[in-house]
Amino acid sequence: METITITADLDALAKISAFITEAAERCGLDERATWQVQLAVDEAATNVIQHAYDQENPGDITLGWFCEENRFVITLRDRGRQFDPESVPPPDINSPLEERQVGGLGLYLITRLMDEARFDFRPQEGNVLTMVKYLSMSPRDDVVVMPISGRVDAVTAPQLNKAVHEQISSGTRFMLLDLSDVTFLSSSGLRALLLIRKELMTLGGELRLAGLQPQVHEVFALTGFTQVFAIHTTAEEARASFGLGRA
Amino acid sequence: MEISHRPMNRVDLLEVVGRVDAATATKLKQQIDALFEEGRYRIVLDMAGLEYVSSPGLRVLIEARKRAREWKITDLEGGDIRIANLPPKIKEVFDLTGFTSLFEMYGDTIEAVGSF
């Protein structure tokens, strides 16, 4: 974890913003997510500066961050007064101007802008705020879609195998088999699909299936292979899932 | 944050550039309060160059609009704080916090100034 410790005064806000902006960019957040994190961290730091310490005699604030897989995690620590988020009433964001109160907006923004926010108080460490932003990943653009039609059985499985292997030898690793027009799948066909899946996974790729007709889906269900394969209702949905989860 | 002030006949145009956070919100408040003290309650905030606003800045805006609207010439004519050129990411903060419905907003400063 990379950290920075600075005196919790108003001058710290610009430094904290620069530190967290660079972190977010290194972590691969897009512009909008980076800006949302900036605002959430700024609100959290403002709370510490204005409420945790006496402003005449501020203590330190320590900001840390790390990324793991698809999460950008930020911690904010201070040794000031204990902060209890339950003590802050939620803002009424629908009241008219005359009645509008602005308290509680900072905490509200933190929870709205971040995917997770947890406030802990530990006597040894003080206040620890942990905030998480999920990285939105974009689907892969190197997916090859192969429409299959007719029967997939002992007779036709070698043909399927051959077509798939031509793709693999030309560098394809992410493959979507669109089975919308497959009318029949035998155990030999299923076995061929399993081998293709295994091979692509060994090569660091993925196989996804889409558009199974009911009688084909039943073969997967009966053999328990619905749990093994990544099966999607439509080719569009399958396509958008590559690189984003269980395959 | 930088504020530039352009006085016009009936309206004052304040162009707010940069970051409005807890450290700079006071400066914005002082600038608006100074206009109020001169008896000038019709203000357009040009936010085209606003990069950032956090809750202390929102607080200044809401309190300023409340005060401006207390000043009335007739029932139909009086003070207000109106906004021009709200950038999309600031609009997102306004939407999240319910501020969008609290302010009159205009696509450009001419329209905003002309609305008074």
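Here are some notes:
- The condition (being of a type outside the set (A, V, I, L, M, F, W, C), buried (at least 19 other Cβ atoms within 10 Å of the Cβ) and either assigned by TED's automatic domain parsing to the domain that holds residue A:64 or part of a strand (DSSP E or B) (or both)) is satisfied by just one residue among A:3, A:46: A:46.
- Of all residues in segment A:162-181 being under 19 Å from residue A:231 (Cα atoms) and modelled with pLDDT under 95, the one that is surrounded by the fewest Cβ atoms within 10 Å (Cβ to Cβ): A:173
- The single condition among (1) under 22 Å from residue A:103 (Cα atoms); (2) away from every other protein chain (no Cβ under 13 Å); (3) at pLDDT 95 or above that residue A:54 does not meet is (3).
- Residue among A:93, A:16, A:49, A:20 that alone is away from chain B (no Cβ under 11 Å) and hydrophobic (A, V, I, L, M, F, W, C): A:20
- Among the residues making up segment A:76-102, those that are surrounded by fewer than 18 Cβ atoms within 10 Å (Cβ to Cβ) and either closer than 20 Å to residue A:17 by Cβ or in contact (Cβ under 8 Å) with a residue 24 or more places away in the chain (or both) are A:79, A:81, A:82, A:84, A:85.
- Considering segment B:19-63, the residues that are of a type outside the set (Lys, Arg), facing chain A (nearest Cβ under 8 Å) and part of a helix (DSSP H, G or I) include one that is surrounded by the fewest Cβ atoms within 10 Å (Cβ to Cβ), namely B:63.
- All conditions but one from (1) of a type outside the set (A, V, I, L, M); (2) farther than 30 Å from residue A:27 by Cβ; (3) in a loop (DSSP other than H, G, I, E, B) apply to residue A:189; the one that does not is (3).
- Tally of residues being within 13 Å of another protein chain (Cβ to nearest Cβ), of a type in the set (Asp, Glu) and either under 13 Å from residue B:50 (Cβ atoms) or without any contact (Cβ under 8 Å) to a residue 12 or more places away in the chain (or both) across segment B:64-100: 3
- Flag for residue B:103 being surrounded by fewer than 19 Cβ atoms within 10 Å (Cβ to Cβ) and either within 13 Å of chain A (Cβ to nearest Cβ) or modelled with pLDDT of 95 or more (or both): yes
- When each of B:64, B:48 is tested for being at pLDDT 95 or above, over 26 Å from residue A:55 (Cβ atoms) and touching a strand residue (DSSP E or B) at 6+ places or on another chain (Cβ under 9 Å), the lone residue that passes is B:48.
- Residue list for segment A:23-38, filter: buried (at least 19 other Cβ atoms within 10 Å of the Cβ), assigned to a helix (DSSP H, G or I) and away from every other protein chain (no Cβ under 11 Å): A:23, A:24, A:27, A:33, A:37
- From A:129, A:107, A:63, residue being touching a helix residue (DSSP H, G or I) at 6+ places or on another chain (Cβ under 8 Å), at pLDDT 90 or above and within 14 Å of chain B (Cβ to nearest Cβ): A:107
- Residue in segment A:74-90 that is within 14 Å of another protein chain (Cβ to nearest Cβ) and under 25 Å from residue B:58 (Cβ atoms) present: yes
- Any chance residue A:41 is touching a Ser or Thr at 6+ places or on another chain (Cβ under 8 Å) and more than 9 Å from chain B (Cβ to nearest Cβ): yes
- When B:78, B:98 are checked against the criterion of being over 25 Å from residue A:104 (Cα atoms) and among the small types (Gly, Ala, Ser), B:78 stands alone in meeting it.
The values are calculated or read from the model by the stated rules, or taken from the named source; none is laboratory data. Bear in mind the structure is a predicted one, so any value in this text is a computation, not a measurement. Here Cβ is always computed from backbone atoms with ideal geometry, including for glycine, and neighbour counts include all displayed protein chains.
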